[in-house]
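See structure below.
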Amino acid sequence: MKKSDQGHDRYETISIESKIREGVFHKVIKDLETGKAVSCSCKCWSKGNKHCFGMKSIGV
C-alpha cells in the first residue's frame, strides 16, 4: 500500500442533524483509530475551533 493511500481509510464522515437549525446537518470527520471527532463542517469549528454538538456526540 502506498503512503498516500494509507490515510484514506483512516477517517469516516458522519452526518448529524443540527439540534438548533432544522434540516441542517453537521458533517463530522471521525478518526477511526482514536474514535474521536477531528473536524466538522459547521461555523463553530471552521471559524472558532470550538467543538459543536455533532463533534461532542461522537467524542472529542
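The set of residues in region 32-45 being among the small types (Gly, Ala, Ser) and under 17 Å from residue 21 (Cα atoms) consists of 41 alone.
Sub-8 Å Cβ pairs linking a first residue in region 44-58 that is in contact (Cβ under 8 Å) with a residue 12 or more places away in the chain to a second residue that is surrounded by 20 or more Cβ atoms within 10 Å (Cβ to Cβ) and part of a helix (DSSP H, G or I), at least 6 apart or interchain, are 51/45; 52/45; 55/45, ordered by first then second residue.
The numbers here are math on the coordinates, done by the rules we state, and not lab data. Quantities reported herein were computed from a predicted structural model and do not represent experimental measurements. Cβ: placed from backbone, ideal geometry, glycine included. Neighbour counts: every protein chain shown.
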